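**Student:** Sharing a structure, written as structure tokens. Questions coming.
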Amino acid sequence: MIEKRRKTIGVISTDPENIYQETVLNGIFRKAKEYGYDVLVFTTFVKATHENRQYLTGEANIYNIINFDLLDGVIVLSLTFKYSSDNIIFDQVRDLLREKCHCPVITIDEPMDDYEIVITDDEKSFENITSHVIEEHGCRKLYLLAGEKFMNSSQKRVIGFKRALEKHNIEVEEKNIMYGEFWYTLGERVASHIAAGELEKPDAIIAASDYIGLGFINEALKRGYKIPEDFIVTGFDGVLESRASDITLTTVIPATDKSGEISVIRLAEKIEGRKIEHDENFIGKTVFGMSCGCSLTNSGKREKDDYGYFAPYTSDEIDMRKFLQSYMAENLTETDSLEQCYDKIMKHAYLVDRSQEYFLCTCRDWETLINEGRDLYGSKCGYTDEVKISVYRCIPERFSEWENGFSNPDPYINTYFDSSLMLPKIFSPKREEPAVFYFTPVHFNGRRIGYSVIRFNHDDAVLNFIYQIWSRYVNNALEMMRVREQLVARSTRDAMTGLYNRNSLQEHLKNQFDKSQELETEFYVMYIDMNSLKYINDVYGHDEGDSAIKVLAGIINSVCTDNSVCIRMGGDEFLMTGQSADAYSEICRKTEEIESSLGRYNNYSDKPYLVTASFGSCYRRVSNFNEVNKMIKEADESMYEYKQAFKKTKNNADR
């Protein structure tokens, strides 16, 4: 059983670079650091609404790695799962919690079963931005584009809107509250209806999300309207697009970080069994843009004090030019083997150097497995019982945490561990400080490969969009290497028996010849031919003939050692080549083992025919590779003599 040094909180989310998720997570990390808790974030890179459902399957598989028995509490950013019309991912997470979670659970902003919920109270913030439009701009006819009617966030914003109208003695007309998706399309539809004369022109559009507001602005501009001259428009949520558009949007940055803090406090009360005094003030901050006329310029960014972050193209920490000029995609895909590809991934980890450590954990035999999902969306596919750390990288400050100190430069690479542990390093006794670990999926369009774990300090633990692109390069490179290696295997392996085929003959002969030269041993070849295949095919059918070939191939392969190779030459003919200090004894031993195994098979197979074989061999010390083909011819001739003798003996026995 794992002995943990500190309390560990699991966070289940999607799309971590979204401003809502980023802000909530910042609040969680801030409070977790104060309490000395580790945080494990299990997240997809994409939204729950991602249009490629097969891809979403591979993303959502990350939730199957969660071992709730190793967590002291769980926080679910449940709102992030509810934008999907079918709620597939929401249902998957809910079912996992029902079946496997026995620790306290807190959900944020959207209910899930009967778990305790922390709700970001948007009422006052929405009341404030609505009041601003009324008081500062004299608007009296306002439309509210409210988003999904069934969602808590919509209802809270509707309440704030109505309260502002009532406070200013404006009649609340339900027809002026329009519900729909939290997306550009709702705003676009309303603008179209106004332009068509189907809706009376209002003074202002109060949008329940920035995307709705931007959708209205974009469509209104297409229809010849001017913003803010014809319409005052406001949004909500403070997304990046609100300040990156041609007309910056007046919006509110909700106090969702406070929700993150309070969710940790509520869990801590349950975990530690004590009451913690705290403030639950959720009022967000209004940021003024061009859409209401309070800002006349569009610089493409706002002060960091307003937004709490910079746009990606202005951040010193996110250098897209450096990323693109690294040619990471090309470097990863030019490799000749998986091991080389893993090495290149490690060498490109500098592009995500804000992290403390990076682990690429791959499923056992992932390069040959197919998805084992038991339903359309893969909610049961999970991970193999063991996973391997195929890539590991850390900053120098983390060396002291290595289990073997400085003596091992690669302390984790190629290490297998029980996947139920998620990542043993998390529970290392040498790790003094609490940390944040992100678990993200590694897959190719739903076909699982494994997962990545990236570690941060609590103060700098937000995933940026470059890590998502970096991870997709990794996914694509690994899939390309998998396909390439399978194509090579298919070109050199016999499809029926799994043995090497004749295409690979010269390569294996050369390898064994080189070994014999290096070790100064004898080189040998054995020719093996199945007896009576034509008889079996003619009397019992070709399926039985194929079955007999597979039996002989399996027995021949079973006697192959590290010093020999088995090749199907075609039909019922096989060649074994190798090197040995005493080749004669080696050939005799292998021949006896094959004949003995065939005898046992024939005694218990209940087949109406016998599987037997003829043998021919040749061995000697050789100094020139050109002699090898002569040896194969000699072995073939020896096998032919053996077969003729077998036929003569059989004919005499049949008389």
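**Student:** Checking the condition in contact with a Leu (Cβ under 7 Å, 6 or more places away or on another chain) and open to solvent by 40 Å² or more (accessible area, probe 1.4 Å), which residue from 17, 34 passes?
**Tutor:** Of the residues listed, the single one that is in contact with a Leu (Cβ under 7 Å, 6 or more places away or on another chain) and open to solvent by 40 Å² or more (accessible area, probe 1.4 Å) is 17.
**Student:** Does segment 261-279 contain any residue that is farther than 19 Å from residue 123 by Cβ, part of a loop (DSSP other than H, G, I, E, B), in contact (Cβ under 8 Å) with a residue 12 or more places away in the chain and open to solvent by less than 30 Å² (accessible area, probe 1.4 Å)?
**Tutor:** No, because not a single residue in segment 261-279 is farther than 19 Å from residue 123 by Cβ, part of a loop (DSSP other than H, G, I, E, B), in contact (Cβ under 8 Å) with a residue 12 or more places away in the chain and open to solvent by less than 30 Å² (accessible area, probe 1.4 Å).
**Student:** Here is a list of conditions, (1) over 17 Å from residue 178 (Cβ atoms); (2) surrounded by 19 or more Cβ atoms within 10 Å (Cβ to Cβ); (3) modelled with pLDDT of 90 or more, and residue 165 meets all of them except one; can you say which number that is?
**Tutor:** So the condition that residue 165 fails would be (1).
**Student:** Residue 643 is checked against (1) basic (Lys, Arg); (2) without any contact (Cβ under 8 Å) to a residue 40 or more places away in the chain; (3) farther than 30 Å from residue 514 by Cβ and fails just one. What number does that condition carry?
**Tutor:** So the condition that residue 643 fails would be (2).
**Student:** Whether any residue in segment 175-184 is open to solvent by 50 Å² or more (accessible area, probe 1.4 Å), touching a strand residue (DSSP E or B) at 6+ places or on another chain (Cβ under 6 Å) and farther than 23 Å from residue 281 by Cβ is what I want to check.
**Tutor:** Yes - at least one qualifying residue is present in segment 175-184.
**Student:** Pick from segment 368-383 the residues that are under 17 Å from residue 420 (Cβ atoms) and crowded, with 17+ Cβ neighbours inside 10 Å: which of them is modelled with the lowest pLDDT?
**Tutor:** If we take residues in segment 368-383 being under 17 Å from residue 420 (Cβ atoms) and crowded, with 17+ Cβ neighbours inside 10 Å, then 381 is modelled with the lowest pLDDT.
**Student:** Only one residue in 140, 157 is open to solvent by less than 40 Å² (accessible area, probe 1.4 Å) and of a type in the set (Lys, Arg). Which one?
**Tutor:** 157
**Student:** Starting from segment 240-260, take each residue that is in a loop (DSSP other than H, G, I, E, B) and at pLDDT below 90 and list its partners that are surrounded by 22 or more Cβ atoms within 10 Å (Cβ to Cβ) and not aliphatic (A, V, I, L, M), counting only C-beta distances under 7 angstrom and pairs at least six apart or across chains.
**Tutor:** These pairs meet every condition: 254/120; 254/122; 254/125; 254/237; 254/284; 255/120; 255/284.
**Student:** Mind listing just one residue for me: the one in segment 490-540 that is more than 38 Å from the chain's Cα centre (by Cα) and on the phi > 0 side of the Ramachandran plot and, of those, surrounded by the fewest Cβ atoms within 10 Å (Cβ to Cβ)?
**Tutor:** Out of the qualifying residues, it is 520.
**Student:** Which pairs have Cβ atoms under 8 Å, sit 6 or more apart or on different chains, and link a residue in segment 29-58 that is farther than 21 Å from residue 92 by Cα to one that is modelled with pLDDT of 95 or more and of a type in the set (Ser, Thr, Tyr)?
**Tutor:** Cβ pairs passing all conditions: 37/8; 38/8; 39/8.
**Student:** In segment 154-183, how many are under 17 Å from residue 232 (Cα atoms) and assigned to a helix (DSSP H, G or I)?
**Tutor:** Residues flagged as under 17 Å from residue 232 (Cα atoms) and assigned to a helix (DSSP H, G or I) within segment 154-183 amount to 4.
**Student:** Now, a different point. Among 602, 629, which is the only one that is open to solvent by 70 Å² or more (accessible area, probe 1.4 Å) and either within 24 Å of residue 508 (Cα to Cα) or of a type outside the set (A, V, I, L, M, F, W, C) (or both)?
**Tutor:** One residue alone meets the criteria, 629.
**Student:** I would also like to ask the following. Residue pairs, Cβ under 9 Å, 6 or more apart or interchain, first in segment 96-107 and among the charged types (D, E, K, R), second at pLDDT below 95 and in a loop (DSSP other than H, G, I, E, B). List them.
**Tutor:** 98/113
**Student:** Looking at 544, 522, can you tell me which residue is in contact with a helix residue (DSSP H, G or I) (Cβ under 7 Å, 6 or more places away or on another chain) and closer than 19 Å to residue 589 by Cα?
**Tutor:** Every option except 522 fails the conditions.
**Student:** Turning to a different aspect of this structure: Residue 365 fails exactly one of the following numbered conditions: (1) surrounded by fewer than 18 Cβ atoms within 10 Å (Cβ to Cβ); (2) modelled with pLDDT under 65. What is the number of that condition?
**Tutor:** (2)
**Student:** Kindly indicate whether residue 564 is of a type outside the set (Val, Ile, Thr) and under 22 Å from residue 605 (Cβ atoms).
**Tutor:** Values: of a type outside the set (Val, Ile, Thr): yes; under 22 Å from residue 605 (Cβ atoms): no.
No.
**Student:** Further question on the same structure: If I filter segment 45-67 for residues that are surrounded by 23 or more Cβ atoms within 10 Å (Cβ to Cβ), at pLDDT below 95 and of a type in the set (D, E, K, R), do I get at least one hit?
**Tutor:** yes
**Student:** Mind checking whether some residue in segment 522-543 is part of a loop (DSSP other than H, G, I, E, B), among the hydroxyl-bearing types (Ser, Thr, Tyr) and free of Cβ contacts under 8 Å to residues at least 40 places away in the same chain?
**Tutor:** no
**Student:** Still on this structure, I have one more. Could you figure out which of (1) closer than 25 Å to residue 17 by Cβ; (2) open to solvent by less than 20 Å² (accessible area, probe 1.4 Å) isn't true of residue 117?
**Tutor:** Status for residue 117: all satisfied but (2).
**Student:** Would you mention how many residues in segment 615-632 are closer than 28 Å to residue 596 by Cβ and not aromatic (Phe, Trp, Tyr)?
**Tutor:** Residues flagged as closer than 28 Å to residue 596 by Cβ and not aromatic (Phe, Trp, Tyr) within segment 615-632 amount to 6.
**Student:** Something else: Taking into account only those residues within segment 453-484 that are open to solvent by 70 Å² or more (accessible area, probe 1.4 Å) and not polar (S, T, N, Q), which is nearest to residue 550 (Cα to Cα)?
**Tutor:** Of everything passing the filter in segment 453-484, 484 is nearest to residue 550 (Cα to Cα).
**Student:** Restricting attention to segment 405-460, which residues are at pLDDT below 85 and among the charged types (D, E, K, R)?
**Tutor:** 410, 430, 431, 432, 460
**Student:** How do the helices (runs of 4 or more DSSP H) wholly within segment 1-101 filter down when requiring 2 or more residues that are polar (S, T, N, Q): which remain?
**Tutor:** Result: 19-35, 53-60.
**Student:** Considering 236, 231, which residue is open to solvent by less than 10 Å² (accessible area, probe 1.4 Å) and within 14 Å of residue 147 (Cα to Cα)?
**Tutor:** That would be 236, the only listed residue that is open to solvent by less than 10 Å² (accessible area, probe 1.4 Å) and within 14 Å of residue 147 (Cα to Cα).
**Student:** Just to verify a result, which residue in segment 605-626, among those that are touching a strand residue (DSSP E or B) at 6+ places or on another chain (Cβ under 9 Å) and more than 14 Å from residue 577 (Cα to Cα), is surrounded by the fewest Cβ atoms within 10 Å (Cβ to Cβ)?
**Tutor:** If we take residues in segment 605-626 being touching a strand residue (DSSP E or B) at 6+ places or on another chain (Cβ under 9 Å) and more than 14 Å from residue 577 (Cα to Cα), then 612 is surrounded by the fewest Cβ atoms within 10 Å (Cβ to Cβ).
**Student:** Which ranges mark the strands (runs of 3 or more DSSP E) fully within segment 411-504 that have 2 or more residues being under 29 Å from residue 17 (Cα atoms)?
**Tutor:** Hits in segment 411-504: 436-444, 447-456.
The values are calculated or read from the model by the stated rules, or taken from the named source; none is laboratory data. Quantities reported herein were computed from a predicted structural model and do not represent experimental measurements. Note that we place each Cβ from the backbone using ideal geometry, even for glycine, and neighbour counts take in every protein chain shown. Ligands, DNA and RNA are excluded from the accessible area calculation, which covers all protein heavy atoms including side chains. Shrake-Rupley method; radii C 1.70, N 1.55, O 1.52, S 1.80 Å.
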